[in-house]
Every structure is written in C-alpha cells, then in structure tokens.
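Worksheet: one structure, shown below.
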Amino acid sequence: MLTILFDGIAYGMLLFVLAVGLAVTLGLMNFINLAHGAFAMAGGYLTVFAMQKLGVPFLACLPFAFIVVALAGALLERTLYRPMYGKPHLDQVLFSIGLAFMAVAAVDYFVGSSQQNVQLPEWLRGRTEVGDGALLLGMGHYRLFIIAVCAVLTVVLQLILSKTRFGSRLRAAVDDPRVAAGLGINVNIVFLLTFAVGSGLAGLGGALGAEILGLDPTFPLKYMIYFLIVVSVGGTSSITGPLAAALLLGIADVAGKYFIPKMGAFTVYLLMILILMWRPQGLFTRKGGR
Amino acid sequence: QDSNKFKIGLILPMTGQQASTGRQIEAAARLYMAQNGDTVAGKKIELIVKDDVATPDVTKRLAQELIVNDKVNVIAGFGVTPAALAAAPLATQSKTPQVVMAAATSSITEASPYIVRSSFTLPQVSVAMGDWAPKNGVKTVVTLVADYGPGNDAEKFFTERFQLNGGKVIEKLRVPLRNPDFAPFLQKVRDAKPDALFVFVPSGAGAAVMKQFLERGMDKAGIRMIATGDVTDDDQLNDMGDGALGVVTSHHYSAAHPSPANKKFVEAFQKANPKMRPNFMAVGGYDGMRVIYEALKATKGQGGGDALLAAMKGQIFESPRGPVYIDAQTRDIVQDVYLRKVEKKDGQLYNVEFDVIKGVKDPGKAK
Amino acid sequence: MGAPSSTTTTYESALLRKARWRPLEFVAWAVAFALPFAMPSHSLLVNEIAIVALFAMSLDLILGYTGIVSLGHAAFFGFGAYTAALFAKLVMPDPTVGLVVATALSAMLGLVASVTILRGSDLTRLMVTLGTALLLLELANKLDWLTGGADGLQGVVMGPVLGLFEFDLYGRTAAWYSLAVMLLLFLAMRRIVHSPFGATLKAIRDNRLRAMAIGIPVVSRLVVIYTVAAGIAGAAGALLAQTTGFASLDVLAFDRSADVLLMLVIGGVGWLYGGVAGAIVFKLLQNWLSAVTPQYWMFWIGLLLVLLVLVGRDRVLKPWTWLGKKKGGTA
Amino acid sequence: MTETVLSTQGLVMRFGGITATNNVTMELKRGARHALIGPNGAGKTTLINLLTGVLVPTEGRISLLGEDITTLAPHKRVARGLVRTFQINQLFDSMTPLETLALVVSQHQGIASQWWRPLGASKAVTERAAQLLEQFHLGDVAQQQTKFMAYGKRRLLEIAIALACEPRVLLLDEPVAGVPAGEREELLQTVAALPADVSVLLIEHDMDLVFSFADRMTVLVNGTLLTEGDPETIANDPKVKEVYLGHGEAVHV
Amino acid sequence: MSELLRIENLSAGYGEAVVLHDVAFVLGEGQTLALLGRNGTGKTTLINTLAGATRQHGGTIALGGQALHKLAPHQRAAAGIGWVPQERNIFKSLTVHENLTAVERPGRPGGTSNPWNPQRVYEMFPRLAERKTNLGTQLSGGEQQMLAVGRALVLNPKLLLLDEPLEGLAPIIVEELLRAIRRITQDEGLAAIIVEQHPQAILAISDEAVVLDHGTIVHTDKAATLRAQPEVLDRLLGVAR
Ligand SMILES: Nc1ncnc2c1ncn2[C@@H]1O[C@H](COP(=O)(O)OP(=O)(O)OP(=O)(O)O)[C@@H](O)[C@H]1O
Ligand SMILES: Nc1ncnc2c1ncn2[C@@H]1O[C@H](COP(=O)(O)OP(=O)(O)OP(=O)(O)O)[C@@H](O)[C@H]1O
Ligand SMILES: [Mg+2]
Ligand SMILES: [Mg+2]
C-alpha cells in the first residue's frame, strides 16, 4: 500500500522535473516548445556519455547535464527561438516539433537507435523497507533520491519566483515586451535566462529519468504527451500547480495500474479530461490576490 | 526491360519506436547479399528498402506500390504484426510471395497462402519456457506481457503449457505498449510472491523491466525472472548491466550460439556494422534472404510468384541459429528453441544456451 | 443618399468575390481527376493524398475558421475508419452506404465530444482533444473481439463502388472514389465557409466576446461546426478503411492527429485549399524523402518545418512570391 | 408617462471581496437619452456587463421590456434589442468592415445561420451595410482588414457594429474615448439622431458631451447609486461635485 | 535652472516610414512641457522615441548630458526616463502591486529624500491601494490609467513622459492628477512632457509649449503666453478651446 503511494510520488516527481522546464517556457513565457523533450533527451545522453566515456560519477553528471543543456538552450534561444516569441502558437508548434524531429533523427544518426542505459552507483541501487503488512513501505533508493532532488528543486524555484522580482519581470516582459523594455526591464536577458533555465531543467530531468523511462532517440516524442498533461492540468501560472498535477497523475497512474491493471492507460487520460473540463485553466490558476 | 533483374521490396520500420528492428534486418539482408553475391540464376538482385514507420496503412500502400509500380518479385520485412497482416491480401491478390522476417504473432501465416515466415512465433518460444520452468522448481508464476498480439500469444501459450505441466499461474498482467513506468505492475507481482515472473515485452522495453525488477529487490525476495528472448535482446543485453546475469529465457537465437555458422555470421555482421550486435531480428532477415535466394536458384530465375513460393516451402538449411526448415504446410519456420542464461564472456553479456528443444513447430497452428 | 446603388454593387461583388470559382480551381480539380489516368502507377498516392487532404480540410473547419485547436482530430478519422470497416465486415460490403453510415456516426461522436471544447484555452483544448483520441485508441485496443485490437481489423472485403467499379490493385478506382467524395464534401465545405454561417464562425474565432454581443449563439455554433468537422473527418477515415480494406489502431493514434495538424499548418489555415496544399507537400516530401533516406527522412521534414516558420510559409511554398514583394494576407 | 424598457432591482455584483455593484435599482425609459456617470471604478462598466449578460449578478434581477432576463444568455438579449459598445474596442480583426457589418446585419435579419449561400447574396443585407459604412465614414477603409486600421476608424466601426444590430436599447461605454476632439460631437450626433423610441444609456467622462447629450443622468459611486435627475440638478448637486465633477474649471473651460 | 533634455535634428518613425522630421528643443530641470498637435501629427511618436520604442533615423537626444539615443530602451529607464504610454499597457497577468514592484527602481542618489515607491503611489491614488491584488485586466479603465502613471513614478525618473494621461479619468481625478503633476515637478524637480487633447488643461500647469504638425515643430512658446492667445491655439490646433 504505502509502497504504491511511494512509487506514485516518485514517478510524479520525476514527471515534474521533466515537465517543469516546459511549465516555465509555456506557462511563464507563453511559448509552446514541443522540442522540450529533445532537451531532456540531450541531458540523458550527456549523462550516459559522461559516465561511459569519461568516467564521470553519476552525481557529478546531474549538474553537468543541467549546465550543458542550459548553455545549449541559451545558444538556441539567441539563434533560433527568439524570432518565434511573437509568432502565433501554431507556428511555434510547427517550428518546435520540427526541431524535435531533427533532434530525433540526428541522435539516431550519431548514436544509433538502441536503448541507452545509465549505470547507477551502488548506493543508489538498493532498497530499504520499513514496517510490514499493509503498512510495508519499500523504498527504492533511486526513487528516494529523485524525490529529494525534486523537493530541493521545487523549493529553490519557488523561492526564486516568489522572493525575487524575476517572476513578475518575466511575466511583464511576456505581456508587453515593448512597454516592459521602455520601463527598464531587459527583456532579452530575462527571456534568455528563463529559456536557459527551462532547458537546463529539462536536461536535468532527462539525466534523472533515463534510468526509469529508458533513453532512445524517440524519447522527445514518446513522452511529450506526458509533459503536456502535467503542464495543462497543473495550470501554467505557477510552479506548485504542475508539481501538484505531476504528483496527482503519478499517484493515480501507479495506483490505477496496481489496483485495476485492466484500466491500463485509461486512468490518466480520463483523469486529465475530467479535470480539464472541470477547470479548463488547470487545477491551479492565477487569480487576483494570493 | 527489367527482365534480368530480381527485385525484393523490403518494408521495414526504419524510424519510430520499432526502428531498431528495421536496422537489424536491413543490415543482415545486406550482409547476406554481400556474402552471396548480387547475381543469382542470371538475375541481378535489387533490394528496395521502404520505411513504413510500423504503420499498417503505410505498409499496405508501400507494398501495393512496390508490387504495381516497381514490379517486385518478393515483398519482405514487416516489423510488426498489423503491418504483415495489412500486406497479406495484396500478396494473395498479386500472387507475390511475402517473406515475414520479424512479426511474430502466430496467425500471420494464415492470412495469405503466399506468406512465408523466417522469424519465429511467440507460441514457439513461450511453450518451451512452459516446459522448462516447472521442471526447474518454478511452481507458481505471474505473467507480465505487453498488451498486443504477440504479448497475448505469449501469455496464452505459456500459461497453457505451464498449467499442463502442473504449474500454477497466479495472475496475468498486461501492460500498455507504451508504458513509462513498470513499478505498479512489478509491485503487484511482488505482493503475489510467485516463484517466478514470466515476462514478454517487445525488445527495447526489456531493459526497463529488468532494471525495475532488480530495483524492487524482487530477486532478493526469491522471485526469479523468466522470459522470452525478446527481453534479453542481444542488441541491448550489454547495456543492461550485471543485473541481467542469470536471467533465464527461451528463444530461437542467441548471438552466442556455439556453431561455426553463427560465429561466421556474427563476425561478419559486426565487421560490417561495428556499433551493432546481431540479434534475432537480424537472423530473421538473414535467413529470409536465404530463403529467397534459394528459391530463385531452384526456379532458375524462371517462373512467377507461385513457382517461387513452391520453392520456398520445405527448404531445409543450417541457419546461424541452428537447423531450421520451412514447413511446407504452414509455411512457418520450424526450429530449435533454446533455453539460455545470461552470462558474462570476455567482459560481455551473452545469452548462453544450456538446453534445447528440437524442431519446435508453431504450436499456434496445432489445432 | 445618391451613391448607394453603385457602391452597393461594388460591395456586393466584393463580398461575393471570395465565394466565386476561379479558373485555376477548375483546372486543379480536372488535373486531380486526370491523374489516375495519366499516372496510374501513382494512383495509390493520389488516393492517400485525397484522403488526408479531406481530413485536413475538416480540421481547418474547426481550426482555421473557428479557432479551435485540436490535437485529437484522429478520434473521428479513426472512428469513421473502424465504423466503415466493421460495417463492411458485419453488415454489407457496399462502400457508399458504409461511407454514409460512418460519416453519420462520426458526426454523432463529434456532437457528444463537442462538450469538451467549449471552454478553456488553446492548451486545454489541445489536451482534451488529444485525451479523447487516446481514450478511443485504448478502447479500440481493449475491444479486441470487435476491432481485432493491436493486430488490426482483418477480413474486410469491399464491394464495388455503386455496384459497378471494383477496387483494383492499381488503386485507380480507389483514387477516383476518394477524389469524388472529397470533391463533394469540399463543395459543401466551400459553401459553409463563404456563407453567413461561415462568417459567424470567423467572428467567434476573432472575438468571442463581441460575437456574443452581436447576438451570435456561440455555443451552438461551436457544437454544430465540431459535429460537421467530425463527420467529414469520419468520412475521410471511412475512405481510408474502404480503399485499403482494413483498419488498425494507428488510425486513432497521436501521430495521425499531429501529422494532419502539421499538414494543415504547412498549407495554411483558414483556407480550404491550405489543407490540400499541405497534404500534397507533406505526403510527397515524406514519400520522396523516405525513399531516398528511409532512416533519416524525419530530419529533413523537421528542417523543412523549421525553415517554413523561420523564413515564412508564403515565401517557401509560393515560389511566385520570391520575386514580387510580400502581399497582405489573403483569405 | 413613458414606458420603462430596461430596469434593475437590487443588483449586486461581487468579485471576491470587492463589491463592484451594490444594490443598484434603476430604470431606463423608452426613448431616453440617459447618461451614467461616476468616478473611476464606480462600477459603470460592470453594470453594463451585467445588463448584457457578460457577467451574472450575485444578487438582484434585470428586466427588459417586462421580461426577466437576469440569467438569459447574452446573444438572446441582443435578439431582444439590447445592444452595447465596449470601452475597449472589440472587433473582428481579420475581417474587413464590410464583412463585419454584412455579418452583423445578417445576424440581425435572422439569416446568419444560412450555410448554403454566400454572405453577399442578400441584397437587403448589402444595402444596409453600405448605408452604415457611409454613415460612419468608413467607405474608404471598407475593404481593409480591421486590424490594420487607424484607431479612430476602429472606434467608429465599434459604434457602427452596435447600430447595425438595430438596437432598441443601446448601451454606450465611453464611446468617444480616443476619438479626436473635433469628431466627438459628430459621433454623438449620429447616436442622438437614432429613432426617438430607441433608448440610450451613455457612459462618458467628457462632461461637455454628457451635458449636451443627456436628458437624464444617474450618478454611481463605489457601486452604489448616489443620485439621479435631470442634467441641471446633477450639475449643481454638491455631492456630485464633491465626488465626481470637482470644482475647478480645468476640464470644461 | 540647468538643462535636462536636449533634442537635436531628431527624425524617427516606424520601419522605413519617417514620421518625425528634424525636431529640436531643450527642456530644463523641473520644467513641464505641453506637447500639442492635431491627431496623428506625431506626438505619440515623439514620446515613444524618447522611450526608445520607435525606430530613430537620425539626430541626438541628450538627457543630463548623457547620449540617450545610444541606449537600449531598458537602459533609458535607468538613465531617468519614466514613460506612461498612450494605451496604458498595464501588464495584464500581474497584479496591481506587481505592476509596480516589477519595474520599481530605488530613488536616485541626490534625488529627493522621499523617493517614489508603491506606498507613495497608493497614497496618491487610494483607489489602487484597495485594488492591490487585482490583476491588470481586472481594473476599470480609469484605474488602469492611474496605475500607468504610478508605474512610471516608481522608476524615480528625472523626466516623466505622459501620453494623454487624462483620457478616461473622472473630472475630479483629472483635477487631482494635474495638481499632483504640478506639485511633483515643482517640489521634486521632476521634468515632464505631457501630451493632451485639452490644451487649456495642461497649458495651465506647464512652463513650455511645443506644437507639432506633420511631424515637425511649428510653434514653440511659453505655456502661459500661448494660453493667453486662443486665436493662435485655434490656428495651430484647429479647435477653439
Ligand atoms: N474581474 C474583476 N475582478 C475583480 N475586480 C474587478 C473585476 N472587474 C472589475 N473589478 C473592479 O470593480 C470595480 C468597478 O469596475 P468598472 O470597470 O465597472 O468601473 P467603471 O465605473 O467602468 O470605471 P472607469 O470609469 O474607470 O471605466 C473596479 O474597482 C474594478 O477594479
Ligand atoms: N506602429 C505604426 N506603424 C506605422 N505608422 C504609425 C504607427 N503608429 C503611428 N503611425 C503613424 O505615425 C503618425 C503619427 O502618429 P502618432 O501616434 O504619433 O500621432 P499622435 O499625434 O500621437 O496622434 P493621437 O492624437 O491620435 O494620439 C500617424 O500618421 C500614424 O498613422
Ligand atoms: Mg469603465
Ligand atoms: Mg498619440
């Protein structure tokens, strides 16, 4: 019982780390970046290579994946993405899915289409059990690790967005870039930073998730739907929304599959549709006041 | 004007989820051509590769175009069951032999009298496991299969044979084809505490199941993992890490099959494709090409589809996997099925065969 | 008021201009119907393009003209395909009757599903429609006794079209059949988009608040057009099932919805021929690229999409604009 | 005694903690030229939103021509002749003024659900559209996409749309905001020249215009009705001066 | 009185189109300039050019000796420009309070001892204090106008650019705002350029006046002088007021 809850939370947290970057670019910058999964994939592949070819320890790979992918994101932002901000959503979809296609084919070309595997260090592989009977709680160490990383991440992001002016400056820049600039906000830098952080988070998510979700060139397309579900259900105006949504979906999915395996993938989709019909703007919307 | 050409239309998933199937088969087919020359019975063999992304209506259109426009003599490949089935009516209508090199649902060969299969069927390999397991201390089992044709086949035939042999199947779990996390299913297995978990998932997902199996400490809880060979796919086995050691699977091909023919095959394959290790897909493609070549030789380049088909039926030969023949009645391949255990040789993981069940026909056709 | 009579006629012809047939259109359709004659070997491709073009146009009704984005339009396409295939298998093999039945049932499904798209933002709609299609996909998978599950629905035998024309191996009958259905439905859609009804749709797309404020019943308009679009998508699906003689799960898959969206956006939304143009470009390119480089065609399609947006659709797809200056938007 | 066409009873609208409309009871007579004034944020726009059905009141009721329309859908109110303009332009950006007006006229004439014949097929529609285009000086931009039009012209189209609905009750929310001073009068002339049985409710901060236009005025403060009366009474009401008009002559010189 | 703003040979517009031609004037510290002109003569364009939101084709702008025309828009705000755009452009997904804090700049050294901050804005417009947590879109038209002014003030600028700040405001607020502008310019040494449709209203509180026509300056004078010459105003603006 508790184990299922634990697995659900870990799975949800993983979805969150993967999707939070998208929540930032889509929710705060109002830019639909369907190539988000490609950044995550880049993080995953970087980790695999750093570990296999360079012998970098797993823990060091995580910040490495974050930084490299963030830099790559920054570079792409400067060169390709910037002209896209003002374009209609459909154009953004077209553009970013094109990028995702290119990433898929390119990885396939350079690395091959087979699954890549991350070799976790020994201390992350074990499992701890407490309690027994109905209250037995089995915790995979790696899942525990994911939960910890994710919790830290959430707190940090939340602090940045609420304790600094960065969040509101970003939204101002999105609402009206011309006037925001005229009122002293350096719109380009704000966007660049946000995009880089969003990409970096995707990279980190990919590095963390490769172990559980697997890693092959189709990654960006395979999981895109999940990321979008998290962001749309969570609402696009905060960090806590997607977190709650990811947890909800993670737990519902794991529990659904455990208790009614026949429902398979139904649970998640049904849940999503019902939630969105009930609250079209997602579970957590930004209202006046806090 | 093309009368001195012999065209083979190879329809495979080259992109998308099933891409690795296509890559293996194409590489093997090309290897076969490189080894055996591209002129047979005075005809120049031409291989036309098409990507169907494992989407059946695309398969069907490609097959139709190959037959009508390119006038191919044989269509071959077919990564997934629906694709093979989609092309079947065309094979019948145009009397073109269709050599199925990968798709493994039992019923495929019944869809058209022009279908010949060089791969395997899931019933074939699952019953072998159903025979072996009860004899080796596995009394209770939970099955976990991917929820589609081959998975259902594997579940059905394994369960039947296992129960026949006195085993008990506690629960049958089916996981969605695209399933990101196996945790809930595996936890359910763990809670059911069987002697063993029988797994079939398409190659690619195998690694994930294996990892999470270990992560959940199921091996330590006394649950063994048994599976069809798809799970310990040769192409990926090395990346799965030492956790895979000791997993017992039943399958018709292992890259470690200890025969000279196989050694030669594996060496040549890896020389031509340094990044890959041939797996059961590759051998299906390799043997499929052989079936076509031999049929062409036998008909001396004359005669149409019917003649070719007749010459394909009943072929007996030594494949890298071992001795095989094409059953003249069912047009399905009959082959030895091996029980293998994952072991480490020269720092690499291999499926090492330790038992064999000779001449297994597809049990799906028994009735 | 002295002027009105002459200005009124100017205005009248301005309003009617868009609805009028241009010579080029006649030529295009004539060419389309002549293709299976002229290039019988490409009939299958023509058939497939006609089907996806019809599918794309049905999406344009809701996306381009009404502003409702959907990532799950394959729900109706797939539903139509299964209905037509099952109808042929279980009830009767006549294609026309099957087509009508599939269209009607898909429209009913659209009517029911329209409750999901009435509220929310673009993202919400994307996800709800996507979810609907995925649910249907799962359902088709689970009902394997009826649909054949993941193996696809086999054993569909189609009768001759109108009792006269057998489907041939070349796919010529198929191509003409699909083209004819496409033309018929195109004519209907063309009427719709140029009518006052069509104008109310555009009004809703442009400004829902104002549309309500001039008395347009927004909700019922959305329901109606969603139903119509679903019916037409269902017809396209039925054509696919009938001309290929089977149906499998991927008619409902996400890729199907995504591809049709891509085609439509490539061709240009809010312009019925946009769907056609997109279908032609996308399919031909895909066909050509995957023949040239079966493994990596995706890269080039991706590159095309990126360029399309970066350089501008008009300039990439309309070579005649490479010379002159950019013109204002055309409707 | 003229007949009441539109009335509210005890109308309340709350947004969370804010009460934007507080127990408003008022009447609009047939053929009235009625002005609604009040400080910024007094709830004038909110009141219009309630009357037209964009917002549903927390409490109270609204009746139009004797019928209770409190919860009636917005488009049905339009069909009964209740039409408004918006403080911020709400136009159909991708259409031309010609198409816009043809559509609105079609809608009004009940043929907007026809799908089988083109928009320009009805002579009556086109004629009325042409007439409106001329009346609002939109002839020169009639076939330009609305989004490329200058602000002033967009504002005129905003008003033209409302008139194309042939209102029986017209609600104008700051119609001349952003319109060049010289053209303001003319615009209101057009409104004033509406048939005598059309009732008009005008919101406006330009007092010159208000006083030249209105025959009756209502003052709203903090969501509450402060007072009501003819222009002269209002202009001299000390309370109104205090909260709204002020004392200085800065505005109307 | 020392010089704050010096504009020379300024020409600017949108894209290739040049709207302003050869505009030049000087404004001293703490001075208020009324910018008048018929509709579409380029008043907004001039304001936006100072804020950096148009395309400048030539000329120079110096603010306190600093070459403003070389700076990016966001740097101009740092240099001391506070902008109230004509269409208000409230950030719609920010609350009233965030609209202020997002752009707020601490008071400049050597400035007044009482720098502008959200608190002071709320004191000036109590209405806004009550609406602190409303989103930009949840404000009445007039409240948005007040917020736009407040938002420019919390930049603690040296030069305030007000583009039709009185539009849509209740008469009593208009009076109040005019008084406040006067007070701020006189007491705190802030300079301002005000565009307005009602010339009398702002000439009364301005020191200088500039009249634009077709993108060029056609008249410059002391505000008081111009105010006393209705016939000149009438000729320049075409509306007797
Ligand atoms: N959606 C909303 N949520 C919360 N408060 C709102 C909302 N809409 C309006 N308000 C508040 O209700 C009050 C009334 O607003 P309204 O727009 O009706 O004023 P108004 O009288 O039209 O003012 P103005 O003359 O400035 O246009 C305002 O204080 C405003 O902040
Ligand atoms: N974004 C733009 N692109 C091109 N031309 C523009 C743009 N904005 C304004 N113009 C043109 O520049 C000229 C000056 O416009 P501007 O807005 O500066 O006038 P204004 O004096 O502020 O008028 P108003 O009193 O109406 O606010 C006008 O002819 C206008 O058409
Ligand atoms: Mg208002
Ligand atoms: Mg202006």
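The values are calculated or read from the model by the stated rules, or taken from the named source; none is laboratory data. Only a predicted model underlies this, so the values are computations on that prediction, with no experimental measurement involved. No Cβ is skipped: glycine too gets one built from the backbone with ideal geometry, and neighbour counts run over all protein chains shown. Protein only, heavy atoms only, side chains kept; ligands, DNA and RNA dropped before computing areas. Shrake-Rupley method; radii C 1.70, N 1.55, O 1.52, S 1.80 Å.
DSSP finds beta bridges in region E:3-237, and of those with both partners inside it, around 55 percent are antiparallel. Accessible area per residue was computed with a 1.4 Å probe on protein heavy atoms; A:Thr79 scores about 90 Å².
Taking all protein chains together, B:Asp362, B:Asp239, B:Asp219 sort by accessible area into B:Asp219, B:Asp239, B:Asp362, largest first [probe 1.4 Å].
Based on the Cβ-Cβ distance from C:Trp145 to B:Glu343, what FRET efficiency comes out when R0 is 45 Å, to the nearest 0.05? Computed FRET efficiency for C:Trp145 and B:Glu343: 0.55. Can you give the % of DSSP beta bridges in the protein assembly as shown that are antiparallel, to the nearest 5? Just about 50 percent of them are antiparallel. Here the Debye sum runs over all C-alpha atoms of region B:84-148 as equal scatterers in vacuum, and log10 of I(q)/I(0) at q = 0.11, 0.14 Å⁻¹ comes out as -0.38, -0.54. Mean silhouette area of chain D, derived from the convex hull of its C-alpha atoms and averaged over all directions, reads 14.6 nm². Only beta bridges with both residues in region E:150-241 are counted; by DSSP, about 55 percent of them are antiparallel.
Pop out the Kirkwood hydrodynamic radius of chain B from its pairwise C-alpha distances, inverse of mean 1/r, in Å to one decimal.
Details: mean 1/r = 0.0487 Å⁻¹.
In chain B this quantity evaluates to 20.5 Å.
Sequentially through region A:40-54, phi angles give Karplus couplings (6.51, -1.76, 1.60; θ = phi - 60°) of 4, 4, 4, x, x, 5, 4, 4, 4, 6, 4, 6, 6, 8, 9 Hz, Gly and Pro residues having no value and appearing as x.
As an exercise, use a Förster radius of 41 Å and the Cβ-Cβ distance of D:Gln135 and C:Ala28 to find the FRET efficiency, rounded to the nearest 0.05. It would help to have the intermediate numbers written out before the result.
Numbers: r = 42 Å, r/R0 = 1.02.
So, using R0 = 41 Å, E works out to roughly 0.45.
Once fully extended, how much extra length lies between C:Met39 and C:Arg20, figured as 0.36 nm per residue of separation less the alpha-carbon to alpha-carbon distance?
Working: separation 19, 0.36 × 19 = 6.84 nm, distance 3.05 nm.
Between C:Met39 and C:Arg20, full extension yields an extra 3.8 nm.
Give the interface area between chains C and B as buried accessible surface, both sides summed, probe 1.4 Å, in Å² to the nearest 100. List each step's numbers first, then the result.
Numbers: alone 17180 and 14400 Å², together 29020 Å².
Summing both chains' loss of accessible area gives about 2600 Å².
Computed across region E:160-241, the Kirkwood hydrodynamic radius from all distinct Cα-Cα pairs reaches 13.4 Å. With the Cα gyration tensor of region D:91-164 giving a ≥ b ≥ c as the square roots of its eigenvalues, does the rule (a/c under 1.5 for rounded; else a/b larger than b/c for prolate; else oblate) give rounded, prolate or oblate? Judged from the Cα gyration tensor, region D:91-164 comes out prolate (a/c at least 1.5, a/b above b/c). Taking the average, over residues, of other Cβ atoms within 10 Å as the packing measure, peptides C:218-225, B:157-164, B:126-133 rank B:126-133, B:157-164, C:218-225 from highest down.
Computed from protein heavy atoms with a 1.4 Å probe, the total accessible area buried between D and C is close to 3500 Å². For region A:267-282, the residues whose amide N sits under 19 Å from a probe point set 7 Å from the Cα of A:Phe259 along the beta carbon direction are A:267-275. Shown is the FRET efficiency for D:Val56 and D:Ala193, computed with R0 = 30 Å from the Cβ-Cβ distance and rounded to the nearest 0.05: 0.30. Compared with the direct C-alpha span, the chain from D:Asp208 to D:Arg14 gains 66.6 nm at full extension, assuming 0.36 nm per residue. For peptide A:200-213, the mean count of partner chain Cβ atoms within 10 Å of a residue's Cβ comes to 1. Near D:Glu174, the amide H atoms lying under 5 Å from its own belong to D:Ile203, D:Glu204; only residues 5 or more places off or on other chains count, and H is placed 1.01 Å from N. Short to long, the 10 Å bins of the Cα pair-distance histogram for region D:169-234 hold 18, 53, 27, 2 percent of all pairs. Cross-link pairs exceeding 22 Å between alpha carbons, from the set D:Lys29/D:Lys241; B:Lys5/B:Lys300; B:Lys168/B:Lys358: D:Lys29/D:Lys241; B:Lys168/B:Lys358. Sorting A:Glu122, E:Glu143 on solvent-accessible area from highest to lowest, probe radius 1.4 Å, gives A:Glu122, E:Glu143. Computed from phi, the 3J(HN,Hα) profile of region D:150-164 under the Karplus parametrisation 6.51, -1.76, 1.60 (θ = phi - 60°) reads 5, 4, x, 5, 4, 4, 5, 5, 3, 6, 4, 4, 4, 5, 5 Hz, with x in place of Gly and Pro.
Close amide-amide hydrogen proximity is noted between E:Ile193 and E:Leu33, E:Leu160, E:Leu161, E:Leu162, each under 5 Å apart and 5 or more residues distant or on a separate chain (H modeled in the peptide plane; Pro and chain starts excluded).
A simple spin-label model places pseudo-atoms 7 Å from Cα toward Cβ; at B:Glu267 and E:Asn9 they are separated by 8.4 nm.
A convex hull fitted to the Cα coordinates of chain C yields 167 cubic angstrom per residue. Using the Cβ atoms and a cut-off under 15 Å, what net charge is assigned to the surroundings of B:Tyr350, where Lys and Arg are +1 and Asp and Glu are -1? My count for the surroundings of B:Tyr350 gives -2. In straight-distance terms, cross-link reach from B:Lys344 covers every one of the lysines whose alpha-carbon lies under 23 Å from its own, apart from those fewer than eight places away in the same chain; here that gives A:Lys53, B:Lys211, B:Lys220, B:Lys263, B:Lys264, B:Lys271, B:Lys275. Placing a label point 7 Å from the Cα of D:Glu3 along the Cα-to-Cβ line, the residues of region D:69-96 whose backbone N sits under 20 Å from it are D:69-70, D:77-83.
Here the convex hull built on the C-alpha positions of the protein assembly as shown has a volume of 194 cubic angstrom per residue. Note on D:Lys44: aspartates and glutamates with a C-alpha under 18 Å away, same-chain residues under 8 apart excluded, are D:Glu27, D:Glu59, D:Asp173, D:Glu174, D:Glu204, D:Asp206, D:Glu228, E:Glu130, E:Glu143, E:Glu167.
Ratio of Rg to Rh for region B:162-273: 1.02 [Cα atoms; Kirkwood radius as inverse mean 1/r over pairs]. Around the amide H of B:Val175, modelled in the peptide plane, lie the amide H atoms of B:Val145, B:Ala146, B:Asp147, all under 5 Å away and 5 or more residues distant in sequence or on another chain.
Note on exposure: B:Asp242, E:Asp187 ranked by accessible area (1.4 Å probe, complete protein assembly) read E:Asp187, B:Asp242, with the most exposed listed first.
By the Cα gyration tensor, region E:3-237 has an equivalent ellipsoid whose semi-axes, rounded to whole angstrom, run 27, 20, 18 from largest to smallest. Counts of other chain beta carbons within 10 angstrom of each beta carbon in peptide E:146-157 average 1. Highest mean first, the peptides A:96-102, A:201-207, A:126-132 sorted by other C-beta atoms within 10 Å per residue fall in the order A:201-207, A:96-102, A:126-132.
Rounded to whole numbers, the Karplus 3J(HN,Hα) couplings from phi for region E:31-42 are 8, 10, 10, 8, 9, 10, x, 5, 5, x, 8, x Hz, using 6.51 cos²θ - 1.76 cosθ + 1.60 with θ = phi - 60°, and x at Gly and Pro.
Placing a label point 7 Å from the Cα of B:Ala41 along the Cα-to-Cβ direction, the residues of region B:295-327 with a backbone N closer than 14 Å are B:295-313, B:315. In region B:59-78, the residues whose accessible area drops by at least 30 square angstrom when the other protein chains are added to the isolated chain are B:Lys60, B:Arg61, B:Gln64, B:Glu65, B:Val68, B:Asn69; the probe is 1.4 Å and only protein heavy atoms count.
May I ask you to order C:23-33, D:81-91 by the average number of other C-beta atoms within 10 Å around their residues, highest value first?
Working: C:23-33: 11.9, D:81-91: 22.4.
With the highest mean Cβ count within 10 Å placed first, the list reads D:81-91, C:23-33.
The fraction of accessible area contributed by carbon and sulfur in region B:114-240 is 48 percent, rounded to a whole number (1.4 Å probe; ligands and nucleic acids excluded). Among the residues of C:185-191, the average count of other protein chain beta-carbon atoms within 10 Å of the residue beta-carbon is 1.
Counting only heavy atoms of the protein chains and using a 1.4 Å probe, B:Ile223 has close to 10 Å² of accessible surface.
Per residue, the accessible area of the protein assembly as shown comes to 35 Å², computed with a 1.4 Å probe over protein heavy atoms only.
Quick one: with all protein chains in place, what share of the accessible area of region B:16-65 is carbon or sulfur, to the nearest percent (1.4 Å probe)? Heavy-atom surface of region B:16-65 belonging to carbon and sulfur, 1.4 Å probe: 45 percent. Projecting label points 7 angstrom from Cα along Cα→Cβ for E:Glu29 and E:Lys222 puts them 2.2 nm apart.
With the whole protein complex present, A:Lys222 retains an accessible surface near 40 Å², based on a 1.4 Å probe. With both labels modelled 7 Å from their Cα along Cα-to-Cβ, the E:Glu123 to B:Lys300 distance reads 11.2 nm.
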